[in-house]
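Heads up, the thing below is written out as structure tokens.
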Amino acid sequence: KKAEREAALRSKFEQERKERMEKMQGVNLYLKNLDDTVDDEKIREMFKEFGTITSCKVMRDPQGNSRGSGFVAFSSPEEATRAVTEMNGKMIGNKPLYVALAQRKEERRARLLQQFVARQGPGMPGMPMY
């Protein structure tokens, strides 16, 4: 009985997570290289011109210090795309801001691996071509 209940809850949780991820696909942006002075309110202020922000968050360590990265989510993919186009590379404070579509770690790793393999080309991997 307990195992059945756990399995049912686990599948329900996975389904909700997938739905949430599909809903956020294309609207959630990852920010990095944030200045230490940037907080949630400053992110909202910087990105509000691109559309309706549904959430924004600066990632912080347990002591409350900024980790230099964060997320901002828009109500539509078009708004998010415009924000990436206009804000990526923009100087905020004395650092260039990095803005891209947020990806799950597994997706990002798979995409980077594909790019790496494509660049390797023919021959033995890891061996210099002379």
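The values are calculated or read from the model by the stated rules, or taken from the named source; none is laboratory data. Note that this is a predicted model, so its numbers are computed, not measured. A quick note on method: Cβ atoms are made from the backbone with ideal geometry, for glycine too, and the neighbour counts reach across all protein chains shown. With ligands, DNA and RNA removed, areas are computed over all heavy atoms of the protein, side chains included. Shrake-Rupley method; radii C 1.70, N 1.55, O 1.52, S 1.80 Å.
Just a few scattered comments:
- When ASP35 is tested against (1) in contact with a Lys or Arg (Cβ under 8 Å, 6 or more places away or on another chain); (2) modelled with pLDDT of 85 or more; (3) assigned to a loop (DSSP other than H, G, I, E, B), exactly one condition is not met: (2).
- The residues on offer are GLY89, GLY126, GLY93, and the sole one that is modelled with pLDDT under 85 and in contact with a strand residue (DSSP E or B) (Cβ under 7 Å, 6 or more places away or on another chain) is GLY89.
- Subset of the stretch 38-52 that is among the hydrophobic types (A, V, I, L, M, F, W, C) and in a helix (DSSP H, G or I) - its residue that is most open to solvent (accessible area, probe 1.4 Å): MET46
- Residue list for the stretch 60-103, restricted to those being free of Cβ contacts under 8 Å to residues at least 24 places away in the same chain, closer than 18 Å to GLU45 by Cα and exposed (fewer than 14 other Cβ atoms within 10 Å of the Cβ): THR85, GLY89, LYS90, MET91
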